[in-house]
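Values in this text are rule-based calculations from the coordinates and carry no lab data. Keep in mind that this is a model prediction, so the values were computed, not measured. For neighbour counting, all protein chains shown are included, and Cβ atoms are generated from backbone atoms with ideal geometry for every residue, glycine included.
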Amino acid sequence: MMAAVSPLRRRMIEDMMVRNLSPATQRSYLYAVTKFSQFFGRSPDRLDLEDVRRFQVHLVSGGMSWPALNQTVCALRFFFGVTLGRGDLPERIPHAREPRKLPVVLSADEVVRFLEAVAGLKHRAALTTAYAAGLRVSEVVSLKVADIDSSRMVIRIEQGKGAKDRYVMLSPQLLGILRSYWRLTRPTHWLFPGRDAEQPLHPTALHGACRSARAAAGLEKRVTVHTLRHSFATHLLESGTDIRIIQVLLGHNNLQTTARYTQVATSTIGRTPSPLERLRLEVTPSH
């Protein structure tokens with residue numbers, strides 16, 4: 001028998017639905033507020049800003065990652081600001097300043113080694129799609145057979161991050177791979193179904209496939225599904241694709257987010273002439 005949902009939890013769920021937050025965001029927000037409540041052993045509507053501060057200290061001291069910590073901040077800001085109507089509190093709940101690290105990027109040869117090491121036709125096809133189209137893991141597993149538009153050579157990404165639809169390119173080579181995969185597995189609705197064909201593949205399955213393939217390929221770099229997305233963007237930039245096109249393909253709101261790939265596009269950096277090349281400088285050894 002299922003436990004009854006408290007009125008407060010139901011209200012928060014309804015608030016998130018009204019604002020069209022993605023199912024994944026709703027789950028993470030509910031999880032964060034639940035953990036906040038459990039830490040103090042009290043209903044979250046009986047807790048205040050000082051309790052939030054103590055909870056944040058607890059999470060940081062426990063080694064929580066910066067992205068997870070900021071997701072918790074977003075959840076608590078939503079809970080206090082929207083569900084409880086405490087408009088004065090959200091701005092007083094600080095975000096953590098996340099260290100800016102350059103993304104890990106695979107070389108073209110490393111991408112080949114990695115994808116060839118992926119075990120299982122479905123996982124290999126899914127991870128190849130992630131690289132070929134620069135998709136997030138949530139976008140890969142949510143693809144439907146009907147999203148592959150071979151007549152226009154595009155892939156429709158439905159309700160990506162920020163609840164936005166977009167199109168990305170459909171590589172002819174990827175189309176061939178997906179057609180072979182489809183002939184052998186015959187998916188009907190979800191392009192990459194889970195064990196239950198009525199449900200899509202779960203992201204954890206692809207995360208696990210990445211770990212296994214990295215080990216099998218003997219790669220030193222940490223490889224995740226997002227590493228393939230980083231590599232897609234960097235390789236496009238290195239091949240001369242306009243950064244604004246890459247921004248659209250990745251679904252970034254802010255060009256600054258895309259611009260960080262200029263810091264890891266090493267072949268572009270290597271091809272950039274130094275201003276010294278413009279000088280007629282003769283350097284002769286001194287005697």
Handout entry: In sequence order, calculated HN-Hα J values of region 192-199 (Karplus, 6.51, -1.76, 1.60; Hz; x Gly/Pro)
Key = 10, x, x, 4, 8, 4, 7, 10
Completion exercise
Under a Gaussian network model of the chain whose springs join Cα atoms within less than 10 Å, the largest fluctuation of Ala259, Ala32, Ala68 belongs to Ala68
Handout entry: Karplus (6.51, -1.76, 1.60) ³J(HN,Hα), θ = phi - 60°, over region 210-227, in Hz, Gly and Pro reported as x
Key = 5, 4, 5, 5, 4, 5, 5, 7, x, 8, 7, 5, 6, 10, 10, 4, 5, 4
Practice task
Kindly state, to the nearest 0.05, the FRET efficiency for Leu102 paired with Glu50, given R0 = 35 Å and r defined as their beta-carbon distance.
Solution key: 0.40
Fill in the blank from the handout: Taking Lys and Arg as +1 and Asp and Glu as -1, residues besides Val118 with C-beta under 14 Å from its C-beta add up to +3
Practice task
May I ask for the distance between the Cα centers of region 115-147 and region 203-248, given as a whole number of Å?
Solution key: 11
Handout entry: Sum of side-chain charges, Ala217 neighbourhood, beta-carbon under 13 Å (Lys, Arg +1; Asp, Glu -1)
Key = +2
Exercise for the section: Treating the Cα atoms of region 1-121 as identical point scatterers in vacuum, please give the log10 of the normalised Debye intensity I(q)/I(0) at q = 0.10, 0.21 Å⁻¹, two decimals. Expected result: -0.43, -1.20
Handout entry: Calculated log₁₀ intensity ratio I(q)/I(0) where the Debye formula runs over C-alpha points of region 128-228, q = 0.19, 0.22, 0.24 Å⁻¹
Key = -1.02, -1.30, -1.44
Problem - Using alpha carbons only: equivalent-ellipsoid semi-axes of the chain, gyration tensor based, whole Å - result: 39, 29, 18
Exercise for the section: Taking the Cα centre of region 67-126 as origin, sum charge times position over the Cβ atoms of Lys and Arg (+1) and Asp and Glu (-1), and report the length of that vector in debye to the nearest 20. Expected result: 140
Handout entry: Val154 long-range amide H proximity, modeled H, under 5 Å
Key = Asp149, Leu170
